[in-house]
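The values are calculated or read from the model by the stated rules, or taken from the named source; none is laboratory data. Everything numeric here is computed off the predicted structure, so don't read it as measured data. In this analysis, Cβ positions are derived from the backbone assuming ideal geometry, glycine residues included, and neighbour counts consider all displayed protein chains. For accessibility, only protein heavy atoms count, side chains too; no ligands or nucleic acids. Shrake-Rupley method; radii C 1.70, N 1.55, O 1.52, S 1.80 Å.
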Amino acid sequence: MLTVLRVHLPSDIPIVGCELTPYVLLRRPDKPVTTDDVTEFNPVDGHFLRYKWYRIQSDKKVAVCSVHPSEQATLQCLGCLKAKIPIAKSYHCSPKCFSAAWQHHRVLHERAASAGNENGNDEEEVFGRFNSTGSTGSGVVNLSLSGSQSSSSLTNGATTLYPPTVTQRNGGETWFEVGRSKTYTPTADDIGHVLNFECVVVDAETKSPVGHSNSILTSCVIPAPSPSPRRLISVSGVDVPGHLDMDGSISSAGTFTVLSYNILSDAYATNELYSYCPSWALSWAYRRQNLLREIVGYRADIVCLQEVQSDHFEEFFAPELDKYGYQALFKRKTAEVFSGNINTIDGCATFFRRDRFSHVKKYEVEFNKAAQSLTDAVVPTAQKKTALNRLVKDNVALIVVLEAKFSNQGVDNLGKRQLVCVANTHVNVHQDLKDVKLWQVHTLLKGLEKIAASADIPMLVCGDFNSVPGRFLFFHFSLYDHVMRHVFYTSSHKEYFNNTTKIIHLYPRTVIHNLRNFALSADSLSVESLLELLDEDSLRKDTALPSPEWSSDHIALLAEFRGKPRNRR
């Protein structure tokens, strides 16, 4: 008979909006052990599995800390209440927590004041306002979490899918049935409560349970951390109103925005490498939702992502971004060096909004093939193996030519196709292979040179160049000045270097390592605005990146561009 051997949850803490899929270890009648699902529609030996999820709701309401969401809140900031900041951000687990977070926390007050309370109190229905039992005298109150608040104040307006109260249990607990499938996605109603997952073998004919049920309890559900909004900084010095969020696109008429972001492949996001990051925040189930929310929130017209796993592109990013109007293109790294699961090989993914651009052409650059061609052409036979061992690193680049569906180049270009060429790459990471990095970029630019020679197209290069600020290998790009001018973005401050290099660096040295960069054709595109970087306090608030707030070890860069009218010749 079908037997459940073990039930296990992949994450120790459930988060709102991040689906939970338990591992259910089964033994089939013929003895093999499997984790495959056995549903009513494909029973095994006349049996299938029935699942149920319950929310265990006690009389005591628990608020959670805005900085450490796995901890119960004991303090509340009165300044947040007065400024009508979402109430979830007002909670802290201890005076030490509030003090340590103050430099970052006070920015919320300043922005709420400058924005005219634009954030409102959207989350008040979820968290409610608790009465204080006493003030600390510093704008913070101690929380009194009484049991008088009814469960109705915790609803978020969602339609009830299952009978509300299943049974009353001992100890003042009420169990609510919230799901009947193997996977469950916690909602705002679940915040502060424990979930219970039950699995039982059922007879397919009688529909009656066979044997005892297997169950597992989660920790208390926590809300997903809400990253602070990042503002656009005008290159011209004119302030860009508001901040970048999901309320609307920031592109004005005749401009377009481009996002470049290394999202940190799940294969590299290990507890050993990022031991400071809570395991729940490092899990892919959490990170993928947080990354998607961030990427969609930028409303970029073109999105260039690096370190996107093949399976995650096919199963998550392509279908999810399609819902927001993006067309997807992908180039997986080659596998000469890689020795793991082929589905987890990462690569470069480029997305563009179908209402703003149409796809014209796609080019793929495999640096390993270029390495083979180079060694065949110029390296003596006796040295080829050594040369290939150094150059073969699996890195790739994805080049796409897009046609704009909007006018952005002035009267002189009316009636002409408005094309833009976007390259997306991830240069080799090893710092002791600077010559290999330079050669890879050289190879990419040679490919772009061929495209530029065939058509008058603005060029835009995005990617993770794995180059430390202040030690750029990009000064060598002057070799290609006859093809195009290059502009690189690495910070929000202007710092202009010798103009003979035709390179403009907009960021001085920063604390951020492995900063990505943009390169573009300065003759045909101008920069309107840039997305501000995170300040050092924000980066260090949770030790480093990734963190519960930011789900990659990199930060996203975004720029707004406007096409320039071309000079007639």
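Quick notes
- Qualifying residue in region 326-349 (condition: open to solvent by less than 30 Å² (accessible area, probe 1.4 Å), assigned to a loop (DSSP other than H, G, I, E, B) and more than 29 Å from Thr185 (Cα to Cα)): yes
- Single residue of Ser181, Ser213 found to be farther than 24 Å from Cys65 by Cβ, of a type in the set (Ser, Thr, Tyr) and at pLDDT below 90: Ser213
- Residues within region 359-397 that are within 30 Å of Val303 (Cβ to Cβ) and either assigned to a strand (DSSP E or B) or out of contact with any His (no Cβ under 7 Å at 6 or more places or on another chain) (or both), tallied: 19
- Candidates Ala269, Ala335, Ala318, Ala300 - the one that is of a type in the set (Gly, Ala, Ser), in contact with a helix residue (DSSP H, G or I) (Cβ under 8 Å, 6 or more places away or on another chain) and over 30 Å from Ser70 (Cβ atoms): Ala335
- Each residue in region 179-191 was checked for being part of a loop (DSSP other than H, G, I, E, B) and open to solvent by less than 10 Å² (accessible area, probe 1.4 Å), and 1 pass.
- A search for C-beta distances below 7 Å between a residue of region 395-406 that is among the polar types (S, T, N, Q) and any residue that is part of a loop (DSSP other than H, G, I, E, B), counting only pairs 6+ apart in sequence or on different chains, returns Asn395/Lys333; Asn395/Val427; Asn395/Asn428.
- Scope region 299-355; condition without any contact (Cβ under 8 Å) to a residue 40 or more places away in the chain and either closer than 14 Å to Tyr261 by Cα or in contact with a Cys (Cβ under 8 Å, 6 or more places away or on another chain) (or both); matching residues: Phe317
- Of all residues making up region 257-314, the number that are closer than 26 Å to Thr334 by Cα, part of a strand (DSSP E or B) and not hydrophobic (A, V, I, L, M, F, W, C): 6
- Selection status of Ser11, in contact (Cβ under 8 Å) with a residue 24 or more places away in the chain, of a type in the set (Ser, Thr, Tyr) and open to solvent by 50 Å² or more (accessible area, probe 1.4 Å): no
Results for (1) within 30 Å of Gln289 (Cβ to Cβ); (2) open to solvent by less than 10 Å² (accessible area, probe 1.4 Å); (3) at pLDDT below 85; (4) among the small types (Gly, Ala, Ser), shown as yes or no for each residue.
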residue: Asn517; (1), (2), (3), (4): yes, yes, yes, no
residue: Ala522; (1), (2), (3), (4): no, no, yes, yes
residue: Glu528; (1), (2), (3), (4): no, no, no, no
residue: Glu532; (1), (2), (3), (4): yes, no, no, no
residue: Ser547; (1), (2), (3), (4): yes, yes, no, yes
residue: Ile555; (1), (2), (3), (4): yes, yes, no, no
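- Enumerated strands (runs of 3 or more DSSP E) restricted to region 20-82, each holding at least 3 residues that are crowded, with 18+ Cβ neighbours inside 10 Å and touching a Gly at 6+ places or on another chain (Cβ under 8 Å): 47-58
- Lys331 falls short on exactly one of the conditions (1) over 30 Å from Pro225 (Cα atoms); (2) of a type in the set (Lys, Arg); (3) modelled with pLDDT under 95, and that condition is (3).
- Long-range neighbours under 7 Å by Cβ, at least six apart or interchain, first residue more than 14 Å from Gly192 (Cβ to Cβ) and outside any loop (DSSP other than H, G, I, E, B) within region 207-228, second open to solvent by less than 30 Å² (accessible area, probe 1.4 Å) and polar (S, T, N, Q): Ser215/Asn196; Leu217/Asn196
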